[in-house]
There are 2 protein chains.
Amino acid sequence: MQRDPPTGKITIIDIARAAGVSIKTVSRVINQEEGVGDETRARVLEIVATMGYRPNVSARSLSSRRSYLIGVIFMRVGAYHYVGEVQVGAMRACRRAGYHLVVEQVLPPEAVGGVQGFAEGLRDARFDGVVLTPPTCDDPEVLAAVETAGLPYVRIAPHREFERSPYVFMDDRKAAREQTLRLWNMGHRRIAFIDGPADHGSAARRRQGYIEALRDRGVEPRPEWIAKGEFLSLSGFDATERLLALPERPTAIFAANDEMAVGALAAAAKHGLSVPRDLSVVGFDDTPTAEAAWPRLTTVHQPTAEMAEAAVEMLIDGFGDERFRARVAARQLDYSLVQRDSAAPPLA
Amino acid sequence: MQRDPPTGKITIIDIARAAGVSIKTVSRVINQEEGVGDETRARVLEIVATMGYRPNVSARSLSSRRSYLIGVIFMRVGAYHYVGEVQVGAMRACRRAGYHLVVEQVLPPEAVGGVQGFAEGLRDARFDGVVLTPPTCDDPEVLAAVETAGLPYVRIAPHREFERSPYVFMDDRKAAREQTLRLWNMGHRRIAFIDGPADHGSAARRRQGYIEALRDRGVEPRPEWIAKGEFLSLSGFDATERLLALPERPTAIFAANDEMAVGALAAAAKHGLSVPRDLSVVGFDDTPTAEAAWPRLTTVHQPTAEMAEAAVEMLIDGFGDERFRARVAARQLDYSLVQRDSAAPPLA
DNA sequence: CATGATTACGACAACGTTGTCTATGGGTGT
DNA sequence: ACACCCATAGACAACGTTGTCGTAATCATG
């Protein structure tokens, strides 16, 4: 077909001509395949650099069946700081390896066409692989859709079926344990915990860590010190009200996430308690809220971006591998305790 | 080349065979071109549906030079709620039109390879168009890179050069004016404003609206009632301390964004002032922080997702158009006032 | 020095669409 | 009955890469 006049775009053919080799040889150099002499390789590379050649992704993927696209799947994209963090990390890894990042959303169950529309999107986007974030990483329908599409995937912080695919995670339990001990070591003996939603795996693990820490110190945590919460600030507020109404009032409150910790701060203010003088409050996650709160929250930093980065790395590394899914690998990342202004030793 | 045994994937050829037409006709149906009889079209469509055929994006884009990818460009992806909101809206529009969304980041000036790496990414991602978010939408280097790449683009809330491209925006000035009047109508007469960074266009427009509102009511705003801020909660805290130290203490504080409003809440608490009884505080943006704060912030909802959605729509609609950039269109979206718990009439 | 193995490279088809051009058939006007 | 036109549809090349396979040149081996 006679198409446009020369577009000006340089193709592999131009490079081949300039280097005096065949296009296949250029292709080999570009793709770092072997079977090219050192001298030839150097010459081609130089010409590629000076002419500023960049391979055409579409042609490439049509021929090789690789799209150089990685999908990140979220359930709710809006309003969560988490989404941005994940993308930062994922993009870092993508850029390093010459991939691009496509954001895909599974509409939540209540929306029309939820997983259905998602599955279609999966099919025509032709990802080389996808990263599943919570809670999509534990959704049976989503997993089924991804597996049906035959896509390699890595999950971030899954709660179940750890044998099902590679994943990355951090040790919530251990972090919560340390967070609790930090309060203990400041001198707190009446430490309460604000729990997360029942079905939320990381909430359960954090509670577990809290309980373990107290038991480690020879204290059996009292049931009334564990207040039910929903990961929302209002629920943190309510839980704190209940805790402060106890006959033996806690001197420190450990909320399972930062948002509830902010609610706890508000409740403390309402009761005329100054934080951290009269009451210590600590959170978990290290979201921007923790930094914006007043006083700034002492919390646990969850390496969200790094987890996403690791996930994408695992994915890309796995591409060479046949039977990717079979090789169930897991990579653990380190949390860190963040010391700010909302926790201090109790008044003597 | 002899490649894999039949992959099972259905191609346009299968559809053509099943429908008893040529592949070109199927192509025409898929792309909604004319020149196909109603009956033929219906038959093809049905077969496409029953066989679940989806065109191969790579082949398509190789041949047609359209990638069906839209890029959203951010400067900082992490930590900002804004990013997620933009993506929600952009994704909605993309999905409707069969496009996918690729996230791209211009590394901030301090990072190595900032715009450089971005420009390269632009070139090989082959977007059909991009959406620029603030502050990238006013960065001369970014604009140059996009224009050099010959990409159509739409800007979200630009501050300058409105003639340079299509854009979407909301009327910050008017919204701030209404927000101020809301306080006025509650009975407040000493209304202070916490300003944003000097170079931030929307901050300037919001300040303008505040000033206008007061003048409308015959009050010349006093310079000491406009406190410098940096859009961060700490700066809101500091600004509020200065405002509360004034001989004639304001009864209401309007912060140019929610984060600073949260800082203001903290300062109020420190001074033993109960919000909204002793002091009203209102914000701007309606970020999740506003809902999480205590008391929940009365603020102005910025339709971030909708703006992004509109931007993508404009982009896609413009594709048919030659001379896209020449047709500088602008689309305005409506804000809305959000009534929560942080503002009330002043004590008599 | 003949033989087989290895290395470096090229020719050519294939990936699955869309663009251009051409062919066919039925209706219309005269 | 004739030319003409429009609506419909197909043939075929082209998009820019990579996969497969072949081949010439080089090397080690007995």
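The values are calculated or read from the model by the stated rules, or taken from the named source; none is laboratory data. Given the structure is predicted, the values throughout are model-derived calculations rather than measurements. Glycine gets a Cβ as well: all are built from the backbone with ideal geometry, and neighbour counts include every protein chain shown. Side chains included, ligands, DNA and RNA excluded: accessible areas come from the protein's heavy atoms. Shrake-Rupley method; radii C 1.70, N 1.55, O 1.52, S 1.80 Å.
Answer with yes or no whether B:ARG17 is within 12 Å of DNA strand D (Cβ to nearest atom) and either open to solvent by 40 Å² or more (accessible area, probe 1.4 Å) or at pLDDT 90 or above (or both). Yes, satisfied.
Can you tell me which condition A:ARG66 does not meet? The list is (1) facing another protein chain (nearest Cβ under 9 Å); (2) open to solvent by 40 Å² or more (accessible area, probe 1.4 Å); (3) of a type outside the set (Asp, Glu); (4) more than 20 Å from A:PRO134 (Cβ to Cβ), and all the others hold. Failing condition for A:ARG66: (1).
The residues on offer are A:ARG277, A:ARG242, and the sole one that is among the charged types (D, E, K, R), over 30 Å from A:ARG66 (Cα atoms), open to solvent by 30 Å² or more (accessible area, probe 1.4 Å) and out of contact with any strand residue (DSSP E or B) (no Cβ under 9 Å at 6 or more places or on another chain) is A:ARG277. Can you find a residue in segment B:16-39 that is away from chain A (no Cβ under 13 Å), within 17 Å of A:GLU120 (Cβ to Cβ) and without any contact (Cβ under 8 Å) to a residue 40 or more places away in the chain? No, segment B:16-39 contains no residue that is away from chain A (no Cβ under 13 Å), within 17 Å of A:GLU120 (Cβ to Cβ) and without any contact (Cβ under 8 Å) to a residue 40 or more places away in the chain. Counting only helices (runs of 4 or more DSSP H) that sit completely within segment B:215-312, those holding 2 or more residues that are more than 18 Å from B:TYR335 (Cβ to Cβ) and within 14 Å of chain A (Cβ to nearest Cβ) correspond to B:233-244, B:258-270. Output the number of residues of segment B:31-50 satisfying the condition of being under 21 Å from B:SER64 (Cα atoms), of a type in the set (S, T, N, Q) and open to solvent by 70 Å² or more (accessible area, probe 1.4 Å). Counting residues in segment B:31-50 that are under 21 Å from B:SER64 (Cα atoms), of a type in the set (S, T, N, Q) and open to solvent by 70 Å² or more (accessible area, probe 1.4 Å) gives 1.
What number of residues within segment A:21-30 satisfy the criterion of being within 7 Å of DNA strand C (Cβ to nearest atom) and either under 11 Å from A:MET51 (Cβ atoms) or surrounded by fewer than 18 Cβ atoms within 10 Å (Cβ to Cβ) (or both)? Matching residues across segment A:21-30 total 3. Kindly check whether there is at least one residue in segment A:201-209 that is assigned to a loop (DSSP other than H, G, I, E, B), crowded, with 23+ Cβ neighbours inside 10 Å and touching a helix residue (DSSP H, G or I) at 6+ places or on another chain (Cβ under 6 Å). No, because not a single residue in segment A:201-209 is assigned to a loop (DSSP other than H, G, I, E, B), crowded, with 23+ Cβ neighbours inside 10 Å and touching a helix residue (DSSP H, G or I) at 6+ places or on another chain (Cβ under 6 Å). Restricting attention to segment B:72-81, the residues that are crowded, with 20+ Cβ neighbours inside 10 Å and facing chain A (nearest Cβ under 9 Å) add up to 4.
Of all the numbered requirements in (1) in contact (Cβ under 8 Å) with a residue 24 or more places away in the chain; (2) more than 30 Å from A:ASP128 (Cβ to Cβ); (3) in contact with a Phe, Trp or Tyr (Cβ under 9 Å, 6 or more places away or on another chain), A:ARG249 misses one, and that requirement is (3).
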